[in-house]
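For reference, the structure is listed below as structure tokens.
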Amino acid sequence: MGYISGQTIKELREQKGFTQAQLAESLGVYESAVKSWEENKTYPDIMVVEPMAKVFEKDIKEIWPDAFEIRVDETPTTEDLAFYVCPICGNLVVSTHGAYVECCDLVLEPLAYEQPNAKHNITANPTEGGYHIRVNHGMSSVHYISCIIGVSQKGYRVAMLDHEGIPEADIMMEGLETVYFYCNKHGMFVNPIEA
């Protein structure tokens, strides 16, 4: 699956008549980050994609078509999954059979899982074809839930969240067994779904 190319970012920025500095300011990043993206040296954090689409007045699908491919690994078990989060940029990596993961010049270790508690738990309501998951947790720019991950015997789905939005997502998959969610201050939580 491909990510947003530097060429796409550059073309859209130029169509908008923005300098790299103007785009950086509108996204709340450094100008050097935009330059690095356009040169394909690094990639925008997943949390920048939606604001970038808004700045360019495009649908996310127009700037990152592969983002909406079905992302399912047909063989994982809960024991196979490993999650990695970069402490510098917040990027999330999911591995189904272990991996060597580097980000921002750091080697990342798989996250340990925390059990739900009074401040970190979910409400899971069945919907047609899946579940509506809400993490019972406040959201702010400095303390937030960044993603919700649903796992079944048939695969997994990842929903990335807006840092200041409501921590909820529709996980459209039958047989949902486990939900993981990541709190940027307290780690990765695992919550089994009662059948």
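The values are calculated or read from the model by the stated rules, or taken from the named source; none is laboratory data. Everything numeric in this text was worked out from a predicted model, so none of it was measured. Note that we place each Cβ from the backbone using ideal geometry, even for glycine, and neighbour counts take in every protein chain shown.
On the stretch given as region 25-50, residues that are more than 22 Å from Leu161 (Cβ to Cβ), of a type in the set (D, E, K, R) and either within 20 Å of the chain's Cα centre (by Cα) or not in a helix (DSSP H, G or I) (or both) total 2.
Pairs meeting the criteria (first residue in region 22-47 and touching a residue at least 40 places away in the same chain (Cβ under 8 Å), second residue in a helix (DSSP H, G or I) and not charged (D, E, K, R), beta carbons under 7 Å, at least 6 apart or on different chains) are Tyr43/Trp37; Pro44/Trp37; Pro44/Met52. Per the conditions (1) at pLDDT 90 or above; (2) hydrophobic (A, V, I, L, M, F, W, C); (3) farther than 18 Å from Asn91 by Cα, the sole criterion not satisfied by Ile148 is (3). Scanning region 128-145 for residues that are of a type in the set (Val, Ile, Thr) and modelled with pLDDT of 90 or more, we see that the one that is nearest to Ala82 (Cα to Cα) is Ile145. The residues of region 152-195 that are touching a strand residue (DSSP E or B) at 6+ places or on another chain (Cβ under 7 Å) and polar (S, T, N, Q), listed by number, are Thr178, Asn184, Asn191. Gly98 satisfies every condition listed in (1) closer than 21 Å to Ala159 by Cβ; (2) at pLDDT below 80 except (1).
Just so you know, in region 3-15 the residues that are surrounded by fewer than 15 Cβ atoms within 10 Å (Cβ to Cβ) and of a type in the set (D, E, K, R) include one that is nearest to Val93 (Cα to Cα), and it is Glu11.
How about region 17-44: which of its residues are surrounded by 15 or more Cβ atoms within 10 Å (Cβ to Cβ) and at pLDDT 90 or above? Before the answer, list the steps.
If we filter region 17-44 for residues that are surrounded by 15 or more Cβ atoms within 10 Å (Cβ to Cβ), which is where we start, we get 18, 20, 22-24, 26-27, 29, 33-38, 42-44.
Phe18, Gln20, Gln22, Leu23, Val34, Lys35, Glu38, listed by residue number.
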